[in-house]
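I have placed the structure first, in the form of structure tokens, so that the comments after it can refer back to it.
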Amino acid sequence: MTTGAAIEIRSCCVGYGAAQVLHDIELDIAEGEFVVLVGPSGCGKSTLLNTIAGFIDHSAGRLAIGGRDVTGVPPKDRGIGMVFQSYALYPHMTARQNLGFALKVAGVPRAEIARRVDSVAQLLQLHPMLDKRPGALSGGQRQRIAIGRALVRDAAVYLFDEPLSNLDALLRNELRVELKRLHQSLRKTMVYVTHDQVEAMTLADRLVVLNQGRVQQIGTPLEVFTKPANRFVASFIGSPAMNFIDGDLRHDAAGTTLELPIGHLPLEDFAGLASPSTPVAIVLGVRPEHVALDANGAGLQGTVTLTEPMGSQTLVRVRCGGIELSSLQAPHLGFAPGQPVGLRLDTRFCSMFDRASGRRLGA
Amino acid sequence: MVLPTTTTRATGTPAATRQAIPPPHARWSRHLPTALLAGAAAAFLLPLWVMLAGSLKSMDEIHRGSLLLPPLRPTLDAWRQAVGALSPGLLNSLLITVPAVLLSTLLGALSGYALAFSRWRASSRALSNLLVLAAFIPLQLFLYPAVLGLAWAGLFGSLAGAVLAHVVFGLALTTILFKGHFEQLPLELLRAAQIDGAGFARTFFSVVLPVSMPMCAVVMLLQFTGIWNDFIVGLVFAGAENRPMTVQFTNIVGTTFGERAYNVEMASALFTAALPLVVYFFSGRLFVRGVLSGAVKG
């Protein structure tokens, strides 16, 4: 039974028939791992989290926490702590009472409750707000209390349901760092749901990208970023978004070439792609950071149409061969609309997808 | 409630900014709501004034003067008589109302909670619909079976019987009100309690009920006024020695020989209505807040 996995999900389904919201989920989460479930709204990430928590029953498959099958086990007996998007603090209790509620319910002696609340408060620096009620606290403070409330329970697994999405950008970044630090020091198993890909990338040991109730890809943030398993993942992860160019892969006596509207590229550049025997309709994915621009006009010919300065970098849109590509450039280079530029794709970092299925081709 | 606050806010803004941009028709129309409200208040206060003034007059003065005039030689004689006659009724009313309000509120909250979070959605919906129906059936229809039931239980003609009747008759309404309110509670709050290990009862008493205090206040006020002003349940179920104030009040008004003592009747009416009046006066603000927090998820 024990596999060392904190959470084991085997061909798990939720819902029935046409109303099925999760399809055949396979996921193993190791002890101490920080796994982020990410995807657009309605992709089933929260449903999956709530299924792990026990608020939703799975209709098929197996779900085990700590090696124990938890089918039919109520949330309180699953050994989990949970942090909610709306904080869900008890408004009539002080922060201290909120932190200690679970222990009080469990019948832990008062002195022990005080000790454990104190140590968590120490960890999260909650002491100044312990005797205030949630109504007197700011959003960030509330969420820290809510995180503390989950940690007090000393659970095997901690679940986070978009805990930062109600906070403003600055606080979100702060708490994100705090959460990552917390995980590094505690090494507890954490499952975190977000639709924010920056949060997902920065926090995760491993990412689980979901769409329409199916797992699209599981991997480290860098794996998912550099080698997206399909076109959906490629477009969802990464900001600014990846460029997609329709093309044909043609194999002849001269070798294999990729025919794109912006020109033909020899295929030797694409690492690990097997030569196709017949022309294949593909989509080439190029991240804006891998589109090089040359003000002196070397390479494919294009014209700058729009620039979006983002501070540290500027996103330059270039029209070339009837399509528009975006390119990340250092702001001091000063590209301006109307300017003719030379354009080169760094094909070492491109991804190629089958146009019909959207699946990644090659390594 | 909205109109007076907007007018005070308008007049409350610094005069300088007000005068800088003279609104063309504002002066006239701004005072219209205030005038309307003042008129409405006067219309409601006038009968109260007549009653209050009348209760402080002697019968002589009532015969001679206009109803609207203030008492020239105020006397507490009428009040002394009214209080003397109604005091036992006041005690009975309290003994019936207080436990009946508390019980019907608590039981309504409990059953509303059970219905709102029932696992069996369809049956709880069916039950709720039946309750809505029950809440609006006139209670006269239930009188006969209720009398038989209470007589069988040996509670007919006692304070406990009256309390029980009030609780049973009020339960449908309090249950529906609480159910509707609990369904508006944030789901995550209840889930947090679940994660924290709180079961059905613990969640109710430690989380759901404390966060629903405004709703409790609304329901208790509703029940309080209803039960305090009740006549028929007290008359039928309480028994001769336990008649509430309302029943004794009608006895005073209904069984006079010779000259009607209007002053005593007015004092009695005011005395009977005094407690709800005081309660409303002090909880009016709470009542409004409660209604709102039920409507807009608080």
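Kindly provide the helix-only [θ] at 222 nm of chain A, computed as the sum of -39,500 (n - 2.57) over DSSP H runs of four or more divided by all residues, to the nearest 500 deg cm²/dmol?
On the way: 8 runs with 86 residues, N = 363.
After summing the helix terms and dividing by the residues of chain A, the value is -7000 deg cm²/dmol.
Too long at a 31 Å Cα-Cα cut-off: which of A:Lys180/B:Lys179; A:Lys76/A:Lys180; A:Lys76/A:Lys227? Intermediate values should be presented prior to the final figure.
On the way: A:Lys180/B:Lys179 41 Å; A:Lys76/A:Lys180 26 Å; A:Lys76/A:Lys227 39 Å.
Long pairs (Cα-Cα over 31 Å): A:Lys180/B:Lys179; A:Lys76/A:Lys227.
What fraction, in whole percent, of alpha-carbon pairs in the stretch B:31-75 exceed 14 Å separation? If you can, show how the numbers build up before the last one.
Details: 521 of 990 pairs.
Roughly 53 percent, rounded to a whole number.
DSSP loop GluC sites (Glu not before Pro) in the stretch B:170-271 with at most 11 other Cβ atoms within 10 Å of their Cβ, which ones? Present the calculation step by step, with values, prior to reporting the outcome.
On the way: sites: B:Glu183, B:Glu188, B:Glu241, B:Glu259, B:Glu265; in loops: B:Glu259.
Sites meeting the loop and neighbour criteria: B:Glu259.
Can you grab the distance from the C-alpha centre of the stretch A:93-147 to the C-alpha centre of the stretch A:283-303, Å, no decimals?
Result: 54 Å between the Cα centres.
Quick check: convex hull over the Cα atoms of the stretch B:52-173, volume per residue in Å³, rounded to an integer? Could you put the intermediate results ahead of the total?
On the way: hull volume 21.7 nm³, N = 122.
Spread over its residues, the Cα hull of the stretch B:52-173 gives 178 Å³ apiece.
Evaluated at 10 °C with a viscosity of 1.306 mPa s, what Stokes-Einstein diffusion coefficient in µm²/s does the stretch A:1-121 have when Rh comes from the Kirkwood expression over alpha-carbon pairs?
Values: Rh = 16.4 Å.
My calculation gives 97 µm²/s for D.
I need the per residue convex hull volume for the protein assembly as shown, using only the alpha carbons, in cubic angstrom as a whole number. Walk me through the numbers on the way to the answer.
On the way: hull volume 182.6 nm³, N = 661.
Value for the protein assembly as shown: 276 Å³ per residue.
What's the magnitude of the charge dipole for the protein assembly as shown around its Cα centre, counting Lys and Arg as +1 and Asp and Glu as -1 at the beta-carbon? Answer in Debye, nearest 20.
Using only the charged Cβ atoms, the result is roughly 1480 debye.
At q = 0.21, 0.23 Å⁻¹, what log₁₀ I(q)/I(0) does a Debye calculation on the Cα points of the stretch A:22-91 give, no solvent, two decimals?
Log10 I(q)/I(0), no solvent term: -1.09, -1.29.
Work out how far the C-alpha atoms of chain A reach from end to end along every principal axis, then list the three figures in whole Å, largest first.
Largest to smallest, the principal-axis extents are 79, 47, 34 Å.
Mind jotting down a quarter of the surface of the convex hull over the alpha carbons of the stretch B:92-291, in square nanometres, one decimal? Please list the in-between numbers first.
Values: hull surface 54.0 nm².
About 13.5 nm², averaged over all directions.
Please name the residues of the stretch B:169-200 whose accessible area, counted over protein heavy atoms with a 1.4 angstrom probe, falls by no less than 30 Å² between the chain alone and the full protein assembly.
Residues passing the criterion (a loss of at least 30 Å², heavy atoms only) are B:Glu188, B:Leu189, B:Arg191, B:Ala192, B:Gln194, B:Ile195, B:Asp196, B:Gly197.
If amide H atoms are built 1.01 Å from N in the plane of the peptide, which residues on other chains or at least 5 residues away come under 5 Å of the amide H of A:Ile7?
A:Ile29, A:Gly66
Below 8 Å between Cα atoms, with a sequence gap of 6+, how large is the relative contact order for the stretch B:92-291 in percent? All intermediate terms of the calculation are to be shown ahead of the outcome.
Details: 188 pairs, mean separation 63.5, N = 200.
Computed over the stretch B:92-291, the figure is 32 percent.
Calculate, for A:Gln184 and B:Ala134, the FRET efficiency according to 1/(1 + (r/R0)^6) with r their C-beta to C-beta distance and R0 41 Å; round to the nearest 0.05. Working shown, then result.
Working: r = 60 Å, r/R0 = 1.45.
Between A:Gln184 and B:Ala134 the formula returns 0.10.
Any idea of A:Lys104's accessible area? Nearest 10 Å², probe 1.4 Å.
It works out to around 120 Å².
Using a 1.4 Å probe and counting only protein heavy atoms, arrange A:Ser185, B:Ser118, A:Ser138 so the residue with the most accessible area comes first. Let's see the in-between values first.
Working: A:Ser185 85, B:Ser118 25, A:Ser138 55 Å².
So the residues, ranked largest to smallest area, are A:Ser185, A:Ser138, B:Ser118.
The values are calculated or read from the model by the stated rules, or taken from the named source; none is laboratory data. Remember, predicted model here, so these are calculated numbers, not experimental data. Note that we place each Cβ from the backbone using ideal geometry, even for glycine, and neighbour counts take in every protein chain shown. To get the accessible areas, we keep the full protein, side chains included, count just its heavy atoms, and leave off ligands, DNA and RNA. Shrake-Rupley method; radii C 1.70, N 1.55, O 1.52, S 1.80 Å.
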